[in-house]
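Asks: Submitted below is the structure of interest, expressed as structure tokens.
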Ligand code: KIV
Ligand code: ZN
């Protein structure tokens, strides 16, 4: 059996199915480039049939990434497969990932198809996908609740039809590690042609077991794990890439395989994804949480100072943590700025984009004398957020008054479709007053579901990074903004959310039942 574990990242597809985590085409390309730098083997870039926007994003990723295989998702339907094949046409290396549900409950209640019909449709989908690429993955959706004999039957048939990877998803996160490992073991034992394809797993985290289930599958012979940065994904998310990769690396004594991942890119990529999606990483999250390598108790600190391995099983620098460093300041020039961004893996498509980012950097350096890597990342994320097409609302100016014993008031001037509107409103605090003033102008009818502020670096001169979650008619988006003034950061985040929620959305969901 191969000693290489293939890392298949689905941040741009399943990750994007987290409510509010939708990404623009440019954001997807930036994340895909970061994944390529990290040496991810396969990047699932999206679900091309879902909408013209998804198609364009998969196509753009296929054009920009050269070293990773680019994958597009397709239900087991001719039209889905043709669309995926078209979107992937320009990829250096492409994969079509087609799927159909195989559990009794999904076949009867969702698809209303007999098992024979499901097998026939899977076979025909794989054959069609092979007309576009030799690299075809077949997923048995809800495999975690499917009958083992039926899984063997359908997998044997799709191998004959040309599938090269067989994916076993625990779609609803129902399995326990031993049980899931046994499923992989049994499939490999029972299927006569098991050695003709790679077994893959795709675990959801509904019971908090996605990583444990994936690792148990690897011990039992799976050689591809599907995962996402920060564990993003539908509902409770998918297995987190950083946890799977670091478990296999740290416990190499227990695994007979290794990954090709350059782990030093893990933390910067986690930050990039969190900044773009607005999904903050909890401080105690393994590997990428702010506290993952922080020792609070005196006994631990003493031990680590004497001999690091007393309490540390991994080195922070191996996963890309660098001490907060002052990298640039007010007097730094364009070259130093560009060089540092290149070191952080951030490139610009044009001189214009570089100039725009550089002038933002100068503005920030006037307010905040020490600029850290985290500041640069936030600044570039913000410059990208502002480049959203159809940006209807822009902040022109904001003045807030907050005084003991007085009701806070915010006076805001917004540019709406190029026309200036000014309004003052009162609220229970300066942020509340600001949001009320924006809403009185925008009349958007959105509901604020979440408001959170994080400091980007330490110190009271740090930039505050604000995330808001807005809901309108069942649609949810996240908005972000960063500034050394958290009321301005809040206004930027709210406007960013409004600009996103007003974009048309016509996407299908991959698990929709119109087979
Ligand atoms: O969770 C799931 O079953 C999926 C499939 C499309 C692989 O995301
Ligand atoms: Zn999934």
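Asks: What is the one condition in (1) buried (at least 18 other Cβ atoms within 10 Å of the Cβ); (2) within 20 Å of the chain's Cα centre (by Cα) that residue 111 does not satisfy?
Replies: With respect to (1) buried (at least 18 other Cβ atoms within 10 Å of the Cβ); (2) within 20 Å of the chain's Cα centre (by Cα), residue 111 is out only on (2).
Asks: I've got another one for you. Across segment 1-35, what is the number of residues that are more than 15 Å from ligand 2 (Cβ to nearest atom) and touching a residue at least 60 places away in the same chain (Cβ under 8 Å)? Steps first, answer last, please.
Replies: Of all residues in segment 1-35, those more than 15 Å from ligand 2 (Cβ to nearest atom) come to 1-7, 20, 22-35.
Now narrow it down to the ones that are touching a residue at least 60 places away in the same chain (Cβ under 8 Å): 1-7, 20, 22-24, 26-27, 30-31, 33-35.
Number of matching residues: 18.
Asks: With (1) modelled with pLDDT of 95 or more; (2) touching a strand residue (DSSP E or B) at 6+ places or on another chain (Cβ under 8 Å) as the list, and residue 262 as the residue in question, which single condition is left unmet?
Replies: Here residue 262 meets the rest and fails (2).
Asks: Test residue 467 against the criterion of being closer than 21 Å to residue 22 by Cα and either assigned to a loop (DSSP other than H, G, I, E, B) or touching a strand residue (DSSP E or B) at 6+ places or on another chain (Cβ under 6 Å) (or both), and give yes or no.
Replies: Working: closer than 21 Å to residue 22 by Cα: yes; either assigned to a loop (DSSP other than H, G, I, E, B) or touching a strand residue (DSSP E or B) at 6+ places or on another chain (Cβ under 6 Å) (or both): yes.
So residue 467 fits the description; yes.
Asks: Also, I was wondering about something else. In segment 204-235, what count of residues is obtained for those that are surrounded by 24 or more Cβ atoms within 10 Å (Cβ to Cβ), away from ligand 2 (no atom under 16 Å from the Cβ) and on the phi > 0 side of the Ramachandran plot?
Replies: Residues that pass the stated criteria total 0.
Asks: A follow-up question, please. For residue 17, all conditions in the list (1) modelled with pLDDT of 95 or more; (2) closer than 22 Å to residue 508 by Cα; (3) within 13 Å of ligand 1 (Cβ to nearest atom) hold save one; what is the number of the exception?
Replies: (1)
Asks: Would you say residue 84 is assigned by TED's automatic domain parsing to the domain that holds residue 225, in a helix (DSSP H, G or I), within 16 Å of ligand 1 (Cβ to nearest atom) and closer than 21 Å to residue 512 by Cα?
Replies: yes
Asks: To continue, here is another question. Return the residue satisfying two criteria in turn: it lies in segment 289-310 and is in a loop (DSSP other than H, G, I, E, B) and modelled with pLDDT of 80 or more, and of such residues it is surrounded by the most Cβ atoms within 10 Å (Cβ to Cβ). Give the derivation first.
Replies: First pass over segment 289-310, keeping only residues in a loop (DSSP other than H, G, I, E, B): 289-297, 307.
Remaining after also requiring modelled with pLDDT of 80 or more: 289-294, 307.
On the way: 289: 15, 290: 14, 291: 11, 292: 18, 293: 16, 294: 12, 307: 9.
For segment 289-310, the residue satisfying everything is 292.
Okay, residues lined up against (1) at pLDDT 95 or above; (2) within 16 Å of ligand 2 (Cβ to nearest atom); (3) outside the structural domain of residue 129 (by TED's automatic domain parsing); (4) in contact with a strand residue (DSSP E or B) (Cβ under 6 Å, 6 or more places away or on another chain):
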{"position": "152", "(1), (2), (3), (4)": "yes, no, no, no"}
{"position": "163", "(1), (2), (3), (4)": "yes, no, no, yes"}
{"position": "171", "(1), (2), (3), (4)": "yes, yes, no, yes"}
{"position": "181", "(1), (2), (3), (4)": "yes, no, no, no"}
{"position": "188", "(1), (2), (3), (4)": "yes, no, no, no"}
{"position": "193", "(1), (2), (3), (4)": "yes, no, no, no"}
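One line per residue, one yes/no per condition, for (1) closer than 26 Å to residue 185 by Cβ; (2) under 23 Å from the mean Cα position of the chain (by Cα); (3) at pLDDT below 95:
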| position | (1), (2), (3) |
| --- | --- |
| 63 | no, yes, no |
| 76 | no, no, no |
| 82 | no, no, no |
| 89 | no, no, no |
| 99 | yes, yes, no |
| 115 | yes, no, no |
| 132 | no, no, no |
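Asks: Sort out which residues of segment 124-139 are buried (at least 23 other Cβ atoms within 10 Å of the Cβ) and either assigned to a loop (DSSP other than H, G, I, E, B) or in contact (Cβ under 8 Å) with a residue 60 or more places away in the chain (or both), and write them in order of number.
Replies: The answer is 137, 139.
Asks: Let me ask you something else. Search segment 36-52 for residues being touching a helix residue (DSSP H, G or I) at 6+ places or on another chain (Cβ under 7 Å) and either over 20 Å from residue 136 (Cβ atoms) or assigned to a loop (DSSP other than H, G, I, E, B) (or both), and hand back the single one that is nearest to ligand 2 (Cβ to nearest atom).
Replies: Initial filter on segment 36-52 (touching a helix residue (DSSP H, G or I) at 6+ places or on another chain (Cβ under 7 Å)): 37-38, 43, 45-49.
With the extra rule that they be either over 20 Å from residue 136 (Cβ atoms) or assigned to a loop (DSSP other than H, G, I, E, B) (or both), the set shrinks to 37-38, 47.
Numbers: 37: 25, 38: 21, 47: 11 Å.
Per the stated criteria, the residue is 47.
Asks: Being within 16 Å of ligand 2 (Cβ to nearest atom), under 20 Å from residue 169 (Cα atoms) and touching a strand residue (DSSP E or B) at 6+ places or on another chain (Cβ under 9 Å) is the requirement here; does residue 74 meet it?
Replies: On the way: within 16 Å of ligand 2 (Cβ to nearest atom): yes; under 20 Å from residue 169 (Cα atoms): yes; touching a strand residue (DSSP E or B) at 6+ places or on another chain (Cβ under 9 Å): yes.
For residue 74, the condition - within 16 Å of ligand 2 (Cβ to nearest atom), under 20 Å from residue 169 (Cα atoms) and touching a strand residue (DSSP E or B) at 6+ places or on another chain (Cβ under 9 Å) - is met.
Asks: Here's a follow-up. Looking for something part of a loop (DSSP other than H, G, I, E, B) and in contact with a helix residue (DSSP H, G or I) (Cβ under 9 Å, 6 or more places away or on another chain) - is there at least one such residue anywhere in segment 483-496?
Replies: Applying the first criterion (part of a loop (DSSP other than H, G, I, E, B)) to segment 483-496 yields 484-485.
Adding the requirement that they be in contact with a helix residue (DSSP H, G or I) (Cβ under 9 Å, 6 or more places away or on another chain) leaves 484-485.
Yes: one or more hits.
Asks: While we're looking at this one, here's another question. Of these, 369, 421, which one is touching a strand residue (DSSP E or B) at 6+ places or on another chain (Cβ under 9 Å) and modelled with pLDDT of 85 or more?
Replies: On the way: 369 fails: modelled with pLDDT of 85 or more.
Result of the check over 369, 421: 421.
Asks: To continue, here is another question. Within the bounds of segment 135-149, is there any residue that is within 11 Å of ligand 1 (Cβ to nearest atom), in contact with a strand residue (DSSP E or B) (Cβ under 9 Å, 6 or more places away or on another chain) and more than 22 Å from residue 110 (Cβ to Cβ)?
Replies: no
Residues are listed down the side, and each one gets a yes or a no for (1) free of Cβ contacts under 8 Å to residues at least 40 places away in the same chain; (2) over 27 Å from residue 342 (Cα atoms):
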residue	(1), (2)
213	no, yes
216	yes, yes
233	no, yes
244	no, yes
270	no, no
276	no, no
299	yes, yes
313	no, yes
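Asks: While we're here: Considering every residue within segment 195-203, establish whether at least one is within 25 Å of residue 95 (Cα to Cα), surrounded by fewer than 24 Cβ atoms within 10 Å (Cβ to Cβ), more than 16 Å from ligand 2 (Cβ to nearest atom) and without any contact (Cβ under 8 Å) to a residue 24 or more places away in the chain.
Replies: yes
Asks: Only one residue in 243, 234 is within 16 Å of ligand 1 (Cβ to nearest atom), farther than 20 Å from residue 67 by Cβ and either outside the structural domain of residue 33 (by TED's automatic domain parsing) or over 10 Å from the mean Cα position of the chain (by Cα) (or both), so which one is that? First the steps, then the outcome.
Replies: Details: 243 fails: within 16 Å of ligand 1 (Cβ to nearest atom).
None of the others qualify; the one that does is 234.
The values are calculated or read from the model by the stated rules, or taken from the named source; none is laboratory data. Keep in mind it's a predicted model, so treat the numbers as computed, not measured. Reconstructed Cβ throughout: ideal geometry from the backbone, glycine too, with neighbour counts over all protein chains shown.
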